[in-house]
Amino acid sequence: MKNILIFGATSAIAEALAKQYANDGHQLTLFARNEDKLALIEQDLRVRGASGVACVSFDAGADDCIAKLQRQLADIADPIDICVIAHGSLPDQGECQEDVQKTLSEIQVNGTSAIGILTLVANRMEQQKNGAIAVITSVAGIRGRQSNYVYGAAKGLVSVFLQGLGQRLAKSGVHVLDIKPGFVDTPMTAHIEKGALWAQPEKVAEIIYKRIAKKSHESHTPFFWFFIMTIIRFIPTAIFNKLKL
């Protein structure tokens, strides 16, 4: 039995992943803002076979979220075997351009809050000398695009942090995985017209589950996004700036 922490547990991908771990009979601690939805997910996971489920209120947009989390983590017994960070928001780029506070708020939700969680959990896992950390970032963090560069900047911040963190923790036997999904059909993207490149959250969760088990370090999810983003990354800036991406 493993002790698994999931942040953003009410998101579609995180919920689907939690179901897989519940089927395996693991202990789950779920962190999310929507306590009513969290309670429903808890009931479902218990029915599926989780050995235990605990729910913790966590709001990544709150100024004191990391200070509060530090106290909450103190109540969780060692070891923490797996930590999954899956919370986030999809901001309106136009609104961010007009409102600096909106921009900074979105950077906190999608970027600095994850770094705060990682710092606390990494220190625990480094001491226990084992564990796995998996963070859902985004292909948007690979290259800034005019359509969503605030979101992309936050995710890119986390990805670079994970690179250094992974190198540091490798010496302690702790595995760090950066998951870079492309388009995923979730409630957060319900307003966007879907196409052939879109994946279902259950499929993405299945990939994450396997990548954690295989101790992968990075995963473009689904895999074809690696090829798409490689092309986008190497477009010369003079050409890139003329494109509507």
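The values are calculated or read from the model by the stated rules, or taken from the named source; none is laboratory data. Everything quoted here is computed from the prediction, not taken from an experiment. Heads up, the Cβs are rebuilt from the backbone with ideal geometry, glycines too, and the neighbour counts pull from every protein chain shown.
Restricting attention to region 169-190, and to residues there that are touching an Asp or Glu at 6+ places or on another chain (Cβ under 8 Å) and of a type outside the set (A, V, I, L, M), which single residue is nearest to Pro91 (Cα to Cα)?
The extreme case among them is Lys180.
Got a number for residues in region 215-245 being more than 18 Å from the chain's Cα centre (by Cα) and of a type outside the set (Phe, Trp, Tyr)?
Residues meeting the conditions: 16.
Within region 143-157, restricting attention to residues that are out of contact with any Gly (no Cβ under 7 Å at 6 or more places or on another chain) and buried (at least 21 other Cβ atoms within 10 Å of the Cβ), which residue is nearest to Ile207 (Cα to Cα)?
Filtering region 143-157 for residues out of contact with any Gly (no Cβ under 7 Å at 6 or more places or on another chain) gives 143, 146-151.
Going one step further and asking which of them are buried (at least 21 other Cβ atoms within 10 Å of the Cβ), we end up with 150-151.
On the way: Val150: 27, Tyr151: 23 Å.
Filtering first and then ranking leaves Tyr151.
Residues Ala74, Ala14, Ala67: which one is closer than 22 Å to Ser105 by Cβ, surrounded by fewer than 16 Cβ atoms within 10 Å (Cβ to Cβ) and not aromatic (Phe, Trp, Tyr)?
Values: Ala74 fails: closer than 22 Å to Ser105 by Cβ; Ala14 fails: surrounded by fewer than 16 Cβ atoms within 10 Å (Cβ to Cβ).
Result of the check over Ala74, Ala14, Ala67: Ala67.
Give region 115-162 a look and list any residue that's more than 17 Å from the chain's Cα centre (by Cα) and more than 16 Å from Cys83 (Cα to Cα), or say none.
Filtering region 115-162 for residues more than 17 Å from the chain's Cα centre (by Cα) gives 123-130, 143-149.
Hits for region 115-162 are Arg143, Gly144, Arg145, Gln146, Ser147, Asn148, Tyr149.
Kindly provide the set of residues from region 139-190 that are within 20 Å of Ala12 (Cα to Cα), in a loop (DSSP other than H, G, I, E, B) and in contact (Cβ under 8 Å) with a residue 12 or more places away in the chain, ordered by number.
Gly182, Phe183, Asp185, Thr186
Taking the stated definitions as given, is Thr189 closer than 18 Å to Val139 by Cα, of a type in the set (Ser, Thr, Tyr) and touching a Gly at 6+ places or on another chain (Cβ under 9 Å)?
Details: closer than 18 Å to Val139 by Cα: yes; of a type in the set (Ser, Thr, Tyr): yes; touching a Gly at 6+ places or on another chain (Cβ under 9 Å): no.
The answer is no for Thr189.
Condition first: part of a loop (DSSP other than H, G, I, E, B) and either among the hydrophobic types (A, V, I, L, M, F, W, C) or under 16 Å from Ala132 (Cα atoms) (or both). Now tell me which residues in region 73-95 satisfy that.
Matches in region 73-95: Ala74, Ile76, Ala77, Asp78, Pro79, Ile80, Asp81, Ala86, Leu90.
For the condition under 20 Å from Lys19 (Cβ atoms), in a helix (DSSP H, G or I) and not β-branched (Val, Ile, Thr), what is the one hit in Gln70, Gln43?
Working: Gln70 fails: under 20 Å from Lys19 (Cβ atoms).
Testing whether each residue is under 20 Å from Lys19 (Cβ atoms), in a helix (DSSP H, G or I) and not β-branched (Val, Ile, Thr) leaves just Gln43.
Write out, first by first residue and then by second, each pair whose Cβ atoms fall under 7 Å of each other, whose residues are 6+ apart or on separate chains, and whose first residue, in region 225-236, is under 18 Å from Ala196 (Cα atoms) while the second is surrounded by fewer than 14 Cβ atoms within 10 Å (Cβ to Cβ) and at pLDDT 95 or above.
Pairs found: none.
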